[in-house]
Amino acid sequence: RESSFIGLPVINLGDRQKNRQRGPNVMDLQFPTRIELLQAIVSIKNYRYPSSFIYGQGGAGVLAAHAISNWQPSLK
């Protein structure tokens, strides 16, 4: 999730993530040969993607901290 926000390229190996939502930074290789994997690594080695907000706007930490700081539990 963080990699899509910071634009880091990702190679997803295998089919465990099949049909799941993903950012444009993810390249799927289900069962690559050694050569296919090497070619994929070389093709993304120095590449950065624009930030993707597929999983939100990046403010979840601030929202969580705010909720925790305002929490007033009652002990009964």
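The table below gives the values:
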quantity	calculated
Accessible surface, per residue, of the chain when the full set of protein chains is kept, probe 1.4 Å, Å²	85 Å²
Max mean-square fluctuation residue, GNM over the chain, Cα-Cα springs under 10 Å, options Leu38, Leu13, Leu29	Leu38
Computed [θ] at 222 nm, deg cm²/dmol, the chain (DSSP H ≥ 4; -39,500 (n - 2.57); rounded to nearest 500)	-9500 deg cm²/dmol
Computed accessible area, Ile35, all protein chains, 1.4 angstrom probe, square angstrom	110 Å²
Of all accessible heavy-atom area on the stretch 5-57, the percent that carbon and sulfur account for (1.4 Å)	55 percent
Karplus-derived 3J(HN,Hα), 6.51/-1.76/1.60, for each residue of the stretch 46-57, Hz, glycine and proline x	10, 9, 10, 9, x, 4, 10, 10, 4, 10, x, 9
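The values are calculated or read from the model by the stated rules, or taken from the named source; none is laboratory data. The model shown is predicted, which means the values in this text are computed figures rather than measured ones. Quick note on the areas: whole protein, heavy atoms, side chains included, nothing else; ligands and nucleic acids left out. Shrake-Rupley method; radii C 1.70, N 1.55, O 1.52, S 1.80 Å.
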